[in-house]
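These notes concern the structure reproduced below.
The values are calculated or read from the model by the stated rules, or taken from the named source; none is laboratory data. All of these numbers come straight from a predicted model, not from anything done at the bench. So basically every Cβ, Gly included, is an ideal-geometry build from the backbone, and we count neighbours across all protein chains shown.
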Amino acid sequence: MEKKIVSSSPHFHSGRTTQRIMLDVIIGLSPAMIAAVVLFGIRAAVLILTCVAACVASEALSRRVMKRSQTVGDLSCVVTGILLALNLPVSIHPLIAVFGSVAAIVVVKQMFGGIGQNFVNPALTARIILMNSFPSRMTHWTAPGTAFGADAVTTATPLGLLQEGTGELPGYWDLFLGRTGGCLGETCALAILIGGAYLLLRRVISPVIPVTYLCTAAALSALLGRDPLFEVLSGGLLLGAFFMATDYTTSPVYWKARVVFAAGCGVLTVLIRAFGSLPEGVSYSIVLMNILTPLIERAVKPRTFGKPKAGRKAGDPHAA
Amino acid sequence: MALPFPKKPYRTHGGVAVPHHKNTAALPTREMPPPKRVVIPMQQHIGAACEPLVKRGDHVLLGQCIGDSDAPLATPIHASVSGDVAEVGQVFISGSEPAVAVVIESDGKMERDPGNVPPAPVHDRFQLAAAARAAGLVGLGGAGFPVHAKLSVAPDKTVDTLIVNAAECEPYVTSDHREALENGKNVLDGIYKVKEILGVHRVIIAVEDNKPDAIRELSRIADNPALDPNDEVRVLTLKSRYPQGAEKVLIQACTGRKVPVGGLPVDVNCLVMNIASISFLASYLRTGFPLTLKRVTVDGPAVAHPQNVIVPIGTPIRDVMEFCGGYKAPAKKLLMGGPMMGIALYTDELPILKQNNAVLAFDDRAAAEPAPTDCIRCGSCVAACPMNLMPLKLEKAALRRDAAALKALDVLTCMECGSCAYACPAGRQLVQAIRLGKALVHNAGR
């Protein structure tokens, strides 16, 4: 008799895969990558490729050394590489980028068990490691549109200018189109918004985290007397809200917990920007909230269907 | 005071958009000639097994009672062909303990048992429940919960809303759809019997919006003042989103009420009956002829001529498949029920049961399953769960055999609809793990 497959229901699957999700994230990051190359030149492309190659190699090697199944195919290490590159200044030495990539994949991701297991975002944590290891190189900003090399023009980021209180702040259009100093992928708001819209459309991310994060940050900025639109458009806020805070592994799985998480990111970002010694606080805010994610998930849980609300009489059938 | 009818369904949580594959919806049901032999298990659904009332060599008539039990959730079982009992043996049905089965060799005459006469008119809920039991009726939508138990509403409970479940949210399955199109008048007869005896003045026939012809046909009957004088029966069009037909989700969509954890529909004053069950109840009260036939959707990529077939209960699936032109590709997977909640069978020699609404045969491609990879915590399973559970945490707790954590996560509320596993991009076997989790909680409670 011909053998049949006997397995547990369901016998249907949506066809979604981790690989397809990561590919969508890569597509979503493409506008920002293109903008980076347009604004900062070919060196941006070299930096992105360097980070991706280093991340892929680190992932492949560490999986092999640990004798675990090969996971390069899920493309998550490619996403980490791109995100790390987009969080670096164009002038950084490629070897420093390689160092960051290895730290992201080997230390932050694989040492904790690989995809789905890391408790902080690998790209952001690597950026923080680099910020603390190479503070001056990580804050050496090149003006977009100037070639790299001898005639490169050194500039400051919009938030840097704001903190120093010197020089003229860029206008909204410059911020929107990315004609300011900053990391590869953070300056052009337009490109990030196009990519973010793609992720929302493909339902790779839900609007909960970016909307809550941006609204909280804008509201708190306004409350502190800072220009909310300027705050949203400058620094890494948009890139962070759409591509980093939405990282599945390090953010809560339940939407109400995501609201708390994203609101925390927003508050911390603005507090660091307004009162910290650093001009920018997106990386630290997201990583801090990553660390708090297990606690948020303990406190904010979905209420099982048909369970009475806390405080309501048990067994009340009309408890909505 | 009459309860208002909802104009549109109430919001429900979660669920997934599944492909419909309702290939057989437009094809008229065909009746299958009696098979050579039938295998009738004495346990077909939840509750105790029946004792066989016949022995080897006995001659039985069509509709004759061949098995019964005093247990509260048992329903009598009737011969679906006339002929001789060849054997009282055992049958192994996938996913359950071995059951005693009565095997009848058909004499091809389909000679009816003259003892099956229309029951005396029913006047109260006890008589109605007794009639449903005598008919051998169980929920025909797939779960097979005995109808008499459902109708025996405790005296301290009231039912203000009868919901007729014609949502049919499982892919492929169209047997309820065909029931609505071919037997609509009978459905209304059944509704009127139940609603009059239970004193219900609001009856909602719930249909998903992917069945516009069924909605039209049922509305034509329900909105006809000659048939429904006080306008107490209405059709409610539901969004096509799996699992709208699951009892708790359906009650929420129709009334906005939530059945409490561990509770029953009657706890929120609702009674839910499948459309085929209520229609059959009407014909039983008219003819006195018990449940021996079942409309079954035969479909799937490996079936030559997909269609709905009216089959004598106990007919081996192989015979049903042959009636539908046989397999056009090797059947790698054989399902009893729909692809989301159906049971995978190990052989097509197994018989059709009372509550079977579909038999599906999958070819190589359809049977292929994704290889599980690591959970990426995307939250798709949490968003998809209609019971608002956290399948990823249930899976983890089940795999580390943590009964206390499973209980805290309300594992027993899971109805195994499969939405989580369907949505999971890592292809994790979430439902399988949850089943293990339920067993762990049950064992820990002992």
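Before moving on, here are some points about what is shown:
- Residue that is at the interface with chain A (Cβ under 10 Å from one of its Cβ atoms), without any contact (Cβ under 8 Å) to a residue 24 or more places away in the chain, buried (at least 23 other Cβ atoms within 10 Å of the Cβ) and not β-branched (Val, Ile, Thr), where the choices are B:409, B:392: B:409
- Test: residue in the stretch B:360-371 that is surrounded by 20 or more Cβ atoms within 10 Å (Cβ to Cβ), within 22 Å of the chain's Cα centre (by Cα) and outside any strand (DSSP E or B): no
- Residue check, residue B:106 surrounded by 14 or more Cβ atoms within 10 Å (Cβ to Cβ), hydroxyl-bearing (Ser, Thr, Tyr) and in contact (Cβ under 8 Å) with a residue 40 or more places away in the chain: yes
- Matching residues, the stretch B:309-319, being surrounded by 22 or more Cβ atoms within 10 Å (Cβ to Cβ) and within 13 Å of residue B:361 (Cα to Cα): B:317
- The set of residues in the stretch A:171-190 that are under 17 Å from residue A:154 (Cβ atoms) and surrounded by 21 or more Cβ atoms within 10 Å (Cβ to Cβ) comprises A:180, A:181, A:182, A:183, A:184, A:187.
- From B:86, B:129, residue being in contact with a Lys or Arg (Cβ under 7 Å, 6 or more places away or on another chain) and either surrounded by 14 or more Cβ atoms within 10 Å (Cβ to Cβ) or in a loop (DSSP other than H, G, I, E, B) (or both): B:86
- Filter result (more than 14 Å from chain A (Cβ to nearest Cβ), in contact with a Pro (Cβ under 6 Å, 6 or more places away or on another chain) and of a type outside the set (Ser, Thr, Tyr)) within the stretch B:1-33: B:23
- Pick from the stretch A:191-218, criterion in a loop (DSSP other than H, G, I, E, B) and among the hydrophobic types (A, V, I, L, M, F, W, C), ranking: surrounded by the fewest Cβ atoms within 10 Å (Cβ to Cβ): A:204
- Residue check, residue B:436 in a helix (DSSP H, G or I) and surrounded by fewer than 24 Cβ atoms within 10 Å (Cβ to Cβ): yes
- The one condition in (1) farther than 30 Å from residue A:9 by Cβ; (2) polar (S, T, N, Q); (3) modelled with pLDDT of 95 or more that residue B:158 fails to fulfil: (3)
- Scanning the stretch B:412-446 for residues that are of a type in the set (D, E, K, R) and at the interface with chain A (Cβ under 8 Å from one of its Cβ atoms) yields a total of 2.
Residue by residue, here is whether (1) under 16 Å from residue A:56 (Cα atoms); (2) in contact with a helix residue (DSSP H, G or I) (Cβ under 6 Å, 6 or more places away or on another chain) holds:
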{"residue": "A:70", "(1), (2)": "yes, yes"}
{"residue": "A:81", "(1), (2)": "yes, yes"}
{"residue": "A:100", "(1), (2)": "yes, yes"}
{"residue": "A:111", "(1), (2)": "yes, no"}
{"residue": "A:135", "(1), (2)": "no, no"}
{"residue": "A:139", "(1), (2)": "no, no"}
{"residue": "A:143", "(1), (2)": "no, no"}
{"residue": "A:161", "(1), (2)": "no, no"}
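- Hits in the stretch A:219-247 - residues which are of a type in the set (A, V, I, L, M), closer than 22 Å to residue A:176 by Cβ and surrounded by fewer than 20 Cβ atoms within 10 Å (Cβ to Cβ): A:219, A:222, A:229, A:232
- Search result, residues across the stretch A:86-145 that are of a type in the set (A, V, I, L, M, F, W, C), within 14 Å of another protein chain (Cβ to nearest Cβ) and farther than 18 Å from residue A:246 by Cβ: A:112
- Residue count for the stretch A:1-40, restricted to those that are in a loop (DSSP other than H, G, I, E, B), facing another protein chain (nearest Cβ under 7 Å) and either within 30 Å of residue A:192 (Cβ to Cβ) or among the basic types (Lys, Arg) (or both): 4.
- The requirement of being farther than 30 Å from residue B:241 by Cα, assigned by TED's automatic domain parsing to the domain that holds residue B:235 and either in contact with a strand residue (DSSP E or B) (Cβ under 9 Å, 6 or more places away or on another chain) or in a loop (DSSP other than H, G, I, E, B) (or both) is not satisfied by residue B:101.
- Residues located in the stretch A:219-247, provided they are outside any loop (DSSP other than H, G, I, E, B), within 24 Å of residue A:128 (Cα to Cα) and among the small types (Gly, Ala, Ser): A:221, A:240, A:241
- Here A:107, A:90 are screened, and the one residue that is at negative phi, modelled with pLDDT under 95 and among the hydrophobic types (A, V, I, L, M, F, W, C) is A:90.
- Residue B:122 vs. criteria more than 30 Å from residue B:344 (Cβ to Cβ) and aliphatic (A, V, I, L, M): yes
- Restricting the stretch A:248-266 to residues that are within 11 Å of chain B (Cβ to nearest Cβ) and either assigned to a helix (DSSP H, G or I) or not polar (S, T, N, Q) (or both), the residue that is surrounded by the most Cβ atoms within 10 Å (Cβ to Cβ): A:252
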